[in-house]
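Asker: I am attaching a structure below and will ask some questions about it afterwards.
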Amino acid sequence: MADSILVIVEQHEGKLNRVSWETLTAGQALAAETGWTLEAAVAGSGVASLANEVAGKKVAKVYALESPKLEPYTPDAFAAALKQFIASKQPKLVLLPHTYQVRDFVPKLVTAMERAAISDCIGYKKDGNKLLFTRQMFQGKLAADVAFTCDAPWFVTFQNGAFRGDKVEAGSAAAPVETVNIEIADGVVRNKPQEVFKEAKQAVDLTQAEIIVSVGRGIKEQKNIELAKQLAEALGGELAASRPICDSGWLPMDRQIGSSGQTVAPKLYLALGISGAIQHIVGMKGARTIIAINKDSEAPIFEIADYAVVGNLFDIVPPMIEEVKKAKAGA
Amino acid sequence: MLVFRKPLPNIERPQMPADVVIVGGGPAGMACALRLSQLIDQHNANHPDSQLSKENIYVLEKAREMGQHCLSGALLDPRSMRELLPGFEKEAPLDAEVTKEAVYFLTEKSKFKFPITPPPLRDHGNYVISLNRFVKWLGGKVEETGITIFTGFAGSELILDDDRVTGVRTDDKGVDKHNQPKSNFEPGYDLQAKVVILAEGTRGSLTKQLIARFALDRDRNPQTYGQGIKELWEVPAGRIAPGEVIYTMGWPLTTKEYGGAWIYGGKDNVVSLGFVVGLDYPDPRLDPQRVLQEFKKHPLVARLLERGKMIRYGAKSLPYGGWWSIPPLAGNGWMILGDSAGFLNSQRLKGIHLAIKSGMLAAETAFEALKKGDFSAATLSDFQRRVESSWIKDELWKVRNFHQGFEHGFWRGMINAGLQQFTGGRGLRARYPSTAGYQHLKKLGELPADGGDEAHFLGPAKGDGKLTFDKLTDLYHSGTKHEEDQPAHLVIHDTDVCNTRCIKEFGNPCQNFCPANVYEMVDDATQPNAKRISLNPSNCVHCKTCDIADPYQIITWVPPEGGGGPNYDGM
């Protein structure tokens, strides 16, 4: 059998991940350079149309790896399916995009096949008969050329943006598509995927809040945060904090205001028990109205506060909540 | 619960071979890299058939950008720079040549000018510089040679094989507060080096590992240190000329503390001023940042700064111990340079020129080793010989007993200094001994509760927001930033000592000597009326004072995730 290159494209819910085209471009370039045959595969359940889409590009053949167990994605099923397929085809080189999914199953696949992978490459070089794959080191300050010393199949993943997806060559005619039904025995898939969710980068966007109730060390204990929360709810505002509160884990880091947190400019900023170190002030001094409550009459927060309340926040805040509620009910 | 940084165990790390790894891109490290490149270029030009490569020479620098963590007064004695880059004055960022100098002894309200400037403090011919700008420039020169500087990478551990140093491990990136890898985790690299050159600055963390491992402090005087606190001010025109230099002794310190201040006139009405306090003071309540604030209230200084604006702040420790404290400089696979070794003239308070010279001499040694292909102690100890036959030794030998003479206060120090001046540095005996600075700290019970003569600089500064500042406000002007979600890099080996012993015996002096409010005693929620130590590692300005001055010696400063730290500009 002639040497071949196999590109595994990635799909999600019936759509090809566009980074797949980049990997295909890489495959085309490598095929041109080595003279090896380029083939592609897409794995899933009901992926024939996706395989046809890939077949429109310049490839020798496209395989649709079909199994009901491949949908939804699990690392066990993908590793098992691809191991079977790759073992039977014995390509020289297997190329994949360096996606989260690939990072998830490729180490397992490659270990199961007792081969090596060169991951997150940004390019390749041909040095005589030797293929070298370029990886970044030291956060991109150095590039290392890495070669395989083990037997094929060789696995390579390419970094997002390493090749241009829009440069993928179309084929002169549609390539043949072969559907390969993959048998995955019961008990192989041990993962049970739950609902897919996106981890919110910023759960709260304090910069959009019109009213912010912010707590500092003066709140004393974690359980007292509840008081500030009630005030925020009564006012219809967001809860925020100075660094020590988030540092102690009493509120998540995305609620931190100041030089190492967020910078906000709400209409109203209520500072409860915040002394007002410059590191905090730079994050909120743009607020239109600042009300500060603090026991220490010399707290620097009072220098920028529009309303300064010297006193114990535990005496002041509860009646405040009541008054706000009353006023709102009246209005 | 405090979790401390340590390299993650049981993970596979990328291995990278290297010829020379220089840890630290300050004046010593940069000069070393530049000199090494010069020697290799010369060699390659003369020996077309035995070429040496610069490709595997690397500089590790923990700051995000070159020079960002460098801080000094600074006055540059140009001697070594003229050797390294003849004519450097034409292109280096120099603020001004020293034109005028004065030394004052201060009392609370008045000043006495020394009728003549004592010879060690004569600075004509030296330059006022910003060290971090200077190093940035020097680093640019290094990069032009093709040597790679890895900014944002710290040396976190030495790799040792029996009695040899075989490499450096860089910091793990993307580790959270609980020492768990985050989604962006990247393990540190193992740089397998033929020779590791430690140029980490004062109290280098790898240097400390090396000294402990090979007992390099045996038969040496303990290293002694000072802490310099610096502010940069913009003042109305005409207050001080560029190149004008003022030194002061006395107020606000008493005769029990060692230290003094500098005021340098720079370009564009910028004034560098700072105070160096010897970290061998007796009262644990002393706060060096407060000392600087009190100093600024003196009429001499207050008049200079009136209606001016403080623009930058920073702090750094410096090694005072001198010749008798310098450890062996080389061994199998390693050399130590600059402030890490203790190359500082404590009488002139200058070390940049010595750091540069030591870097050059180490480069010459490394070059010979590269040619021979031998990096054992036999070859590298030539660095020791080169230092001892250079002007570094001449300069440090004359002041070998200087700082030790002050261990028993100002007046005995002045007498000793005078005697040494007439005896070529000998004074009353060949080698004055010294004690580690922290051993001078007295317990609270032995000190007057009201602070006595020292009361005016004990405890935190309040600050008026114009002339004087509280510590957090000062700190803000250092531009310090760290990734918050990482383990504490101030490794306290036993926090029980802080919470139960130190609190009673010394009153937790870490809260006072730390110039960045990293250490705090907070209410312990688990026990009524008890306090516990809490850390704000993201405030740290990397001065290493805690590692030096802690009375129980249970704090180890290790580098935080590379890229974090102060952002000095013009300092």
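The values are calculated or read from the model by the stated rules, or taken from the named source; none is laboratory data. Model, not experiment: these values are computed from the prediction. Virtual Cβ from ideal backbone geometry, glycine too; neighbours counted across all protein chains shown.
Asker: Among (1) within 27 Å of residue B:440 (Cβ to Cβ); (2) within 14 Å of chain A (Cβ to nearest Cβ); (3) out of contact with any Cys (no Cβ under 9 Å at 6 or more places or on another chain), which single condition is residue B:542 missing?
Answerer: So residue B:542 meets the others, but not (2).
Asker: Moving to a separate point now. Would you confirm, using the coordinates I've provided, whether residue A:213 is in the same structural domain as residue A:65 (by TED's automatic domain parsing) and either among the hydroxyl-bearing types (Ser, Thr, Tyr) or buried (at least 21 other Cβ atoms within 10 Å of the Cβ) (or both)?
Answerer: No; evaluated as a whole, the condition is false for this residue.
Asker: If you don't mind, another one. Note down all Cβ pairs under 6 Å where the first residue falls in region A:313-331 and is more than 16 Å from residue A:224 (Cβ to Cβ), the second is of a type in the set (Gly, Ala, Ser) and assigned to a helix (DSSP H, G or I), and they're at least six residues apart or on different chains.
Answerer: A:324/A:234; A:325/A:234
Asker: If you go through region A:243-262 one residue at a time, how many are among the charged types (D, E, K, R), in contact with a strand residue (DSSP E or B) (Cβ under 7 Å, 6 or more places away or on another chain) and more than 9 Å from every other protein chain (Cβ to nearest Cβ)?
Answerer: Selection size over region A:243-262: 1.
Asker: Just to verify a result, which residue in region A:7-45, among those that are in a loop (DSSP other than H, G, I, E, B) and in contact with a helix residue (DSSP H, G or I) (Cβ under 9 Å, 6 or more places away or on another chain), is surrounded by the most Cβ atoms within 10 Å (Cβ to Cβ)?
Answerer: A:10
Asker: Is it the case that residue B:364 is at pLDDT 95 or above, surrounded by fewer than 20 Cβ atoms within 10 Å (Cβ to Cβ) and acidic (Asp, Glu)?
Answerer: Details: at pLDDT 95 or above: yes; surrounded by fewer than 20 Cβ atoms within 10 Å (Cβ to Cβ): yes; acidic (Asp, Glu): yes.
In short, yes.
Asker: Let me ask you something else. Since residue B:69 meets every condition but one in (1) on the phi > 0 side of the Ramachandran plot; (2) in the same structural domain as residue B:373 (by TED's automatic domain parsing), which condition does it not meet?
Answerer: Here residue B:69 meets the rest and fails (1).
Asker: Looking only at region A:112-133, decide whether some residue is within 14 Å of chain B (Cβ to nearest Cβ), in a loop (DSSP other than H, G, I, E, B) and touching a residue at least 24 places away in the same chain (Cβ under 8 Å).
Answerer: yes
Asker: Quick check on residue B:522: is it in contact with a strand residue (DSSP E or B) (Cβ under 7 Å, 6 or more places away or on another chain), among the aliphatic types (A, V, I, L, M) and facing another protein chain (nearest Cβ under 9 Å)?
Answerer: The answer is yes for residue B:522.
Asker: Sort out which residues of region B:219-234 are in contact with a strand residue (DSSP E or B) (Cβ under 6 Å, 6 or more places away or on another chain) and crowded, with 20+ Cβ neighbours inside 10 Å, and write them in order of number.
Answerer: B:223, B:225, B:226, B:227, B:228, B:229, B:230, B:231, B:232, B:233
Asker: When you check residue A:82 against the structure, is it closer than 17 Å to residue A:43 by Cβ and either at pLDDT 95 or above or over 20 Å from the mean Cα position of the chain (by Cα) (or both), yes or no?
Answerer: yes
So that you can scan it fast, the table gives a plain yes or no per residue for (1) surrounded by fewer than 24 Cβ atoms within 10 Å (Cβ to Cβ); (2) touching a Cys at 6+ places or on another chain (Cβ under 7 Å); (3) more than 30 Å from residue B:274 (Cβ to Cβ):
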residue	(1), (2), (3)
B:190	yes, no, yes
B:194	yes, no, yes
B:199	no, yes, no
B:204	no, no, no
B:214	yes, no, yes
B:217	yes, no, no
B:246	yes, no, no
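Asker: Go through region B:156-185 and count every residue that is acidic (Asp, Glu), within 27 Å of the chain's Cα centre (by Cα) and more than 15 Å from residue B:213 (Cα to Cα).
Answerer: Counting residues in region B:156-185 that are acidic (Asp, Glu), within 27 Å of the chain's Cα centre (by Cα) and more than 15 Å from residue B:213 (Cα to Cα) gives 2.
Asker: Give me the pairs, please: first residue somewhere in region B:358-369 and in the same structural domain as residue B:44 (by TED's automatic domain parsing), second residue anywhere and of a type in the set (Phe, Trp, Tyr) and assigned to a helix (DSSP H, G or I), beta-carbon distance under 8 Å, and either six or more positions apart or on two chains.
Answerer: Between residues of region B:358-369 that are in the same structural domain as residue B:44 (by TED's automatic domain parsing) and residues that are of a type in the set (Phe, Trp, Tyr) and assigned to a helix (DSSP H, G or I), the close pairs are B:361/B:383; B:362/B:383; B:365/B:383.
Asker: Further question: Mind counting the residues in region B:468-505 that are within 14 Å of another protein chain (Cβ to nearest Cβ) and polar (S, T, N, Q)?
Answerer: Looking only at that region, the number is 5.
Table: residues versus (1) assigned to a strand (DSSP E or B); (2) outside the structural domain of residue A:211 (by TED's automatic domain parsing); (3) modelled with pLDDT of 95 or more.
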| position | (1), (2), (3) |
| --- | --- |
| A:223 | no, no, no |
| A:232 | no, no, yes |
| A:239 | yes, no, yes |
| A:264 | no, no, no |
| A:274 | no, no, yes |
| A:284 | no, no, no |
| A:287 | no, no, no |
| A:298 | no, no, no |
| A:317 | no, no, yes |
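Asker: Assuming residue B:106 fulfils every condition listed in (1) within 14 Å of chain A (Cβ to nearest Cβ); (2) in contact with a helix residue (DSSP H, G or I) (Cβ under 9 Å, 6 or more places away or on another chain); (3) farther than 26 Å from residue B:267 by Cβ apart from one, which condition is it?
Answerer: Condition (1) is where residue B:106 drops out.
Asker: Related question: Go through region A:263-296 and give me each residue that's within 14 Å of residue A:308 (Cβ to Cβ), without any contact (Cβ under 8 Å) to a residue 40 or more places away in the chain and within 14 Å of chain B (Cβ to nearest Cβ).
Answerer: If the condition is that a residue be within 14 Å of residue A:308 (Cβ to Cβ), without any contact (Cβ under 8 Å) to a residue 40 or more places away in the chain and within 14 Å of chain B (Cβ to nearest Cβ), then A:276, A:296 are the ones that fit.
Yes or no, residue by residue, for (1) part of a loop (DSSP other than H, G, I, E, B); (2) within 28 Å of residue B:173 (Cβ to Cβ); (3) outside the structural domain of residue B:156 (by TED's automatic domain parsing); (4) touching a residue at least 24 places away in the same chain (Cβ under 8 Å):
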site: B:10; (1), (2), (3), (4): yes, yes, yes, no
site: B:21; (1), (2), (3), (4): no, yes, no, yes
site: B:28; (1), (2), (3), (4): no, yes, no, yes
site: B:49; (1), (2), (3), (4): yes, no, no, no
site: B:52; (1), (2), (3), (4): yes, no, no, yes
site: B:58; (1), (2), (3), (4): no, yes, no, yes
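Asker: Does region B:223-234 include one or more residues that are of a type outside the set (Asp, Glu) and over 20 Å from the mean Cα position of the chain (by Cα)?
Answerer: Narrowing region B:223-234 to residues of a type outside the set (Asp, Glu): B:223-230, B:232-233.
Narrowing the set further to residues that are over 20 Å from the mean Cα position of the chain (by Cα) leaves B:233.
Scanning region B:223-234, I find at least one residue that is of a type outside the set (Asp, Glu) and over 20 Å from the mean Cα position of the chain (by Cα), so the answer is yes.
Asker: Restricting attention to region B:545-571, which residues are among the acidic types (Asp, Glu), farther than 23 Å from residue A:260 by Cβ and not in a helix (DSSP H, G or I)?
Answerer: Once the filter is applied, which keeps residues that are among the acidic types (Asp, Glu), farther than 23 Å from residue A:260 by Cβ and not in a helix (DSSP H, G or I), region B:545-571 yields only B:550.
Asker: Moving to a separate point now. Looking at B:271, B:291, B:276, B:196, which is the one that is over 30 Å from residue B:323 (Cβ atoms) and modelled with pLDDT of 95 or more?
Answerer: Just a single option satisfies the conditions, and that option is B:271.
Asker: Can I ask one more? Do you know which of the residues in region B:144-163 that are assigned to a strand (DSSP E or B) and out of contact with any helix residue (DSSP H, G or I) (no Cβ under 9 Å at 6 or more places or on another chain) is farthest from the other protein chains (Cβ to nearest Cβ)?
Answerer: It comes out as B:161.
Asker: Have a look at A:88, A:67 and point out the one that is among the hydroxyl-bearing types (Ser, Thr, Tyr) and in contact with a Ser or Thr (Cβ under 9 Å, 6 or more places away or on another chain).
Answerer: A:67
Asker: Would you confirm whether or not region A:169-177 contains a residue that is over 24 Å from residue A:16 (Cα atoms) and modelled with pLDDT under 95?
Answerer: No, region A:169-177 contains no residue that is over 24 Å from residue A:16 (Cα atoms) and modelled with pLDDT under 95.
Asker: Let me ask something additional. Sort out which residues of region A:139-189 are assigned to a loop (DSSP other than H, G, I, E, B), more than 14 Å from chain B (Cβ to nearest Cβ), in contact with a Ser or Thr (Cβ under 8 Å, 6 or more places away or on another chain) and within 30 Å of residue B:154 (Cβ to Cβ), and write them in order of number.
Answerer: A:160
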